[in-house]
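Engineer: Here it is, the structure in full.
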Amino acid sequence: MKELEQYIRSHASEFDVMEPLPGHEERFLARLEQAQKPARRPWRIVWGAVAVAASLSALLFVTALRRSDPEAIYLAYMDEVSQLYAECPADAGADWDEALASLTEEANPLFLQLPEEMSRLQKARVLRAHYGSLLEGAKLLAKQ
């Protein structure tokens, strides 16, 4: 490596004699500008990622529904709702947002209102029925 460095230093004048061809600087700057632009991702990749994320969250929701943990059921439901918000088209407007919020948001979540006397399995059944129907309505709204 030192030999190569020595050779370059001793023959430096030979490397500096050639000037770039006319237009070289403009071509170089154009390439540099093109390389610095952010890469645009094809929509297929973006929508594919959204589809994968939706499938995973649906899988998590179904898994949580099978369990008898009321809080896990509620969290899975909220995950699905947030996914619906994320998939909302940009031109949907405030009306769509309001409709989804009125359908899915709760001031006091149902799982906190259920009586202590109920077993976890009973609570899970009630929550699955309640949040399942709300989620079906929200998905129908999202399709429109």
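Engineer: Looking only at residues that are in a helix (DSSP H, G or I) and without any contact (Cβ under 8 Å) to a residue 12 or more places away in the chain in the range 84-96, which one is surrounded by the most Cβ atoms within 10 Å (Cβ to Cβ)?
Structural biologist: GLY93
Engineer: Tell me yes or no: at least one residue of the range 109-122 is modelled with pLDDT of 80 or more, assigned to a helix (DSSP H, G or I) and closer than 18 Å to SER57 by Cβ.
Structural biologist: Initially, the range 109-122 is screened for residues modelled with pLDDT of 80 or more, giving 109-110, 112-122.
Going one step further and asking which of them are assigned to a helix (DSSP H, G or I), we end up with 110, 112-113, 120-122.
Of the ones still in play, those that are also closer than 18 Å to SER57 by Cβ are none.
There is no residue in the range 109-122 that is modelled with pLDDT of 80 or more, assigned to a helix (DSSP H, G or I) and closer than 18 Å to SER57 by Cβ.
The values are calculated or read from the model by the stated rules, or taken from the named source; none is laboratory data. Computed from a predicted structure; not experimentally measured. Every residue, glycine among them, receives a Cβ derived from its backbone with ideal geometry; neighbour counts consider all protein chains shown.
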